[in-house]
1. Considering only residues that are surrounded by fewer than 20 Cβ atoms within 10 Å (Cβ to Cβ), under 14 Å from residue B:170 (Cα atoms) and of a type outside the set (Gly, Ala, Ser), which ones fall in the range B:71-99?
2. Scan the range B:164-180 and give yes if some residue there is free of Cβ contacts under 8 Å to residues at least 60 places away in the same chain, more than 17 Å from residue A:155 (Cα to Cα) and not charged (D, E, K, R), otherwise no.
3. When the residues of the range B:173-190 are narrowed to those that are more than 7 Å from every other protein chain (Cβ to nearest Cβ) and over 19 Å from the mean Cα position of the chain (by Cα), which ends up nearest to residue B:93 (Cα to Cα)?
4. So, of the residues in the range B:1-40 that are outside any helix (DSSP H, G or I) and buried (at least 16 other Cβ atoms within 10 Å of the Cβ), which turns out to be nearest to the chain's Cα centre (by Cα)?
5. Would you mind telling me which numbered condition in (1) free of Cβ contacts under 8 Å to residues at least 24 places away in the same chain; (2) out of contact with any Ser or Thr (no Cβ under 8 Å at 6 or more places or on another chain); (3) within 15 Å of DNA strand C (Cβ to nearest atom) residue A:30 fails?
6. Look through the range A:46-62, keep the residues that are free of Cβ contacts under 8 Å to residues at least 60 places away in the same chain and within 15 Å of DNA strand C (Cβ to nearest atom), and return whichever of them is farthest from the other protein chains (Cβ to nearest Cβ).
7. More than 7 Å from chain A (Cβ to nearest Cβ), free of Cβ contacts under 8 Å to residues at least 60 places away in the same chain, of a type in the set (D, E, K, R) and under 14 Å from residue B:68 (Cβ atoms): which single residue out of B:131, B:120 fits that description?
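Here, each number is a calculation from the coordinates, and none is a lab measurement. Since the model is a prediction, treat every value here as computed from it, not as a measurement. Here Cβ is always computed from backbone atoms with ideal geometry, including for glycine, and neighbour counts include all displayed protein chains.
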Protein chains: 2
Amino acid sequence: MASTTRQRILDTTAALFVRHGYTGTGLKQIVAAANAPFGSVYHHFPGGKAQLGEEVIHRSGRMYAELVTGVIDAAPDLLTGIEHAFAGAAAVMEATDYIDACPIATVALEVASSNEALRRATAEVFESWIRLIHQRLAGAGIDAGQARPLAIALIQLLEGGFMLSRAARSTEALTAAGRAAATLVAAALP
Amino acid sequence: MASTTRQRILDTTAALFVRHGYTGTGLKQIVAAANAPFGSVYHHFPGGKAQLGEEVIHRSGRMYAELVTGVIDAAPDLLTGIEHAFAGAAAVMEATDYIDACPIATVALEVASSNEALRRATAEVFESWIRLIHQRLAGAGIDAGQARPLAIALIQLLEGGFMLSRAARSTEALTAAGRAAATLVAAALP
DNA sequence: GGACGGCTGGATAGATCATTCTAGCGCCTC
DNA sequence: GAGGCGCTAGAATGATCTATCCAGCCGTCC
């Protein structure tokens, strides 16, 4: 029972969403990759692909938040923590052949104008990320008025960095994003 | 002959790509929206959906570059030009019910790991944008070593701003992106 | 005027999509 | 040991997808 069928479906779907997005990922493809029976999808997710997608978005959002905040909190100070996060993202991208980027970005853009439930799910994930970064910025002494827009900008740099890095198959964009992020944080620090 | 069938197909496909992405847009959907005969798609684009997609990416990339550089160059100085670009993007988003964002971002993420030809097309568009912004930064006196990574960061802020704005259906993210962009440019200016 | 070719209009094929349904396996409880 | 139920397994369905193919329209050029 190391992994239940349900968990395997969730994990596999998350991985396929990163590569091919929501509409580009088929249910048959999911069960084949997860070594799961087809019927189990509709047993565990009666709402079908939409419900599965929603759970994957929330789950991936939570897991990625833990990963990034873990990196930031492990650093001696906030600025180096931010730098580590971007450097780590670049390293993972290179190591995974420019596949393992943001787990929900592709889906977020795809569903923003076509699926209200999924759009809301991605919005909730982004908002939770903003809050987590905001906390850390405020904790480092950045004043309230600046902290939230700065948190948003940092996430945007990361997302944009993933986008350009994947397209160009190069870490240059993420390196540039990390540099810009460090500049912004350093300027806001008291 | 105000618009040829071929142009109408290209325009309509571009609009649908923004909303639903590459895999989410069907050929039948395109010809229906473009009021074009089905056979014309394969007459004008013998390579099928892939060729059509590639042309749309390059075409949209060129048009959007003209739009943004037009806004920047019309401003009295670079810094206000950048600010106008972000403010304009936010205004367009709000006016179009959070649909008209970056014309190639959705497709770029979708095809990055699944369609090499299209991935390369998006990479070429991003690279051309980087060069256009780079020129203007260098022209304003920002030194060569800083100008390129800064150009990349600005594009990333815009792309990330679009992503978060569309998801949240709010201009907050684009406003924050514009503020961060202005901070970065101001810090780099001599 | 007749022929040719670019373009249109749509039927058709073959694959794949999400979804539903039915049957049966295996474990847990009484 | 018997009954019930969570879960598995896959067939069947109808819609939709890309792509091919062919017949006909219409302007242009011989």
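1. B:92, B:94, B:96, B:97, B:99 - these are the residues of the range B:71-99 that are surrounded by fewer than 20 Cβ atoms within 10 Å (Cβ to Cβ), under 14 Å from residue B:170 (Cα atoms) and of a type outside the set (Gly, Ala, Ser).
2. no
3. Kept after step one, since they are more than 7 Å from every other protein chain (Cβ to nearest Cβ), are these residues of the range B:173-190: B:174-175, B:178, B:181-182, B:185-186, B:188-190.
Pick out the ones that are also over 19 Å from the mean Cα position of the chain (by Cα) and you get B:182, B:185-186, B:188-190.
Values: B:182: 20, B:185: 23, B:186: 26, B:188: 28, B:189: 29, B:190: 33 Å.
The extreme case among them is B:182.
4. Let us first name the residues in the range B:1-40 that are outside any helix (DSSP H, G or I), namely B:1-4, B:21-26, B:35-37.
Restricting the remaining residues to those that are buried (at least 16 other Cβ atoms within 10 Å of the Cβ) gives B:21-25, B:36.
Values: B:21: 13, B:22: 14, B:23: 18, B:24: 18, B:25: 18, B:36: 25 Å.
Checked the range B:1-40; the qualifying residue nearest to the chain's Cα centre (by Cα) is B:21.
5. Status for residue A:30: all satisfied but (2).
6. Among those that are free of Cβ contacts under 8 Å to residues at least 60 places away in the same chain and within 15 Å of DNA strand C (Cβ to nearest atom), it is A:46.
7. On the way: B:120 fails: under 14 Å from residue B:68 (Cβ atoms).
Unique residue meeting the criteria: B:131.
Here's the yes/no breakdown for (1) within 20 Å of residue B:166 (Cα to Cα); (2) not in a helix (DSSP H, G or I):
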{"site": "A:117", "(1), (2)": "yes, no"}
{"site": "A:124", "(1), (2)": "yes, no"}
{"site": "A:129", "(1), (2)": "yes, no"}
{"site": "A:138", "(1), (2)": "no, no"}
{"site": "A:170", "(1), (2)": "no, yes"}
